[in-house]
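The values are calculated or read from the model by the stated rules, or taken from the named source; none is laboratory data. Source: prediction; values computed, not measured. Reconstructed Cβ throughout: ideal geometry from the backbone, glycine too, with neighbour counts over all protein chains shown.
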Amino acid sequence: MRLRLVGLVVFFALALTAKDERLQGAFRKPADHGWIFVHLEGGPSARGFQHGYLLSAEILDAKRAIELSTTHDSNHNWGELRAIAEKLSWPKIPAEYREELEGIAAGLTAKGVKLDVLDLVTMNEWMEFPYYFDALHKRQNALPEHCSAFIATGSYTKDHRIVIGHNNWTDYLTGSRWKMIFDIAGNRASLRHGWRSRPDPQRRRFRHQ
């Protein structure tokens, strides 16, 4: 009897999920060699909801890692960092991105994850806080911090296809979570984008496909 009740709960949960129009067309594949492929589509709010819903566990995990790393490096607690993000970052975020961030928060809520839009903005700004607090200028004999990347194609590669490499200047705690591959089908001129990312809404450089 107990197993039947559990089965019914799972059935109705799946049925409710299937009826949510915001998830239409979205999916994630099982991890492949550590990489997680996620397909999102629709307007900003729908894409955000799909993002938060499909990657809720990974976003919560990333938040814990980012909070630990950032509060340690900045010597400020998460509430103080949220206040800075609300004052300096949120007012400058374009309307479309706000709508997507709010959609992500809604998707997280639907999966029972208690993170709000300010948590997401603060996560997105994690690399900015040391500069804001002038921590880098206080370090003596610190090595310059830069990411590096290269792209090669044509005669420079064995099969004449594109090869891209990118090295992040980041700690292992957060860097190890850059394992998402997003495929985005937007509703604006049917543009399609793809990028490698953390599970949370970080800054993105788009590539038309």
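Arg198 is checked against (1) modelled with pLDDT of 85 or more; (2) surrounded by 16 or more Cβ atoms within 10 Å (Cβ to Cβ) and fails just one. What number does that condition carry?
Only one criterion is unmet by Arg198, namely (1).
Identify, from the list Ile84, Ile36, Ile66, the residue that is out of contact with any Asp or Glu (no Cβ under 6 Å at 6 or more places or on another chain) and assigned to a strand (DSSP E or B).
Ile36
Quick test for you: out of Gly107, Gly79, pick the one residue that is at pLDDT 95 or above and in contact with a Phe, Trp or Tyr (Cβ under 6 Å, 6 or more places away or on another chain).
Selected residue: Gly107, the only one of Gly107, Gly79 that is at pLDDT 95 or above and in contact with a Phe, Trp or Tyr (Cβ under 6 Å, 6 or more places away or on another chain).
If you take the residues in the stretch 3-33 that are part of a helix (DSSP H, G or I), loosely packed, with under 13 Cβ neighbours inside 10 Å and of a type in the set (D, E, K, R), which one is modelled with the lowest pLDDT?
Once the filter is applied, the top-ranked residue is Arg4.
Any chance the stretch 176-188 includes a residue that's at pLDDT below 80 and in a loop (DSSP other than H, G, I, E, B)?
Yes - at least one qualifying residue is present in the stretch 176-188.
Look at the stretch 91-114 and say how many of its residues are aliphatic (A, V, I, L, M) and either surrounded by fewer than 16 Cβ atoms within 10 Å (Cβ to Cβ) or over 13 Å from the mean Cα position of the chain (by Cα) (or both).
Qualifying residue count, the stretch 91-114: 5.
Being under 26 Å from Pro44 (Cα atoms), in contact with an Asp or Glu (Cβ under 7 Å, 6 or more places away or on another chain) and among the small types (Gly, Ala, Ser), is that true of even one residue in the stretch 92-104?
Checked the stretch 92-104: no residue is under 26 Å from Pro44 (Cα atoms), in contact with an Asp or Glu (Cβ under 7 Å, 6 or more places away or on another chain) and among the small types (Gly, Ala, Ser).
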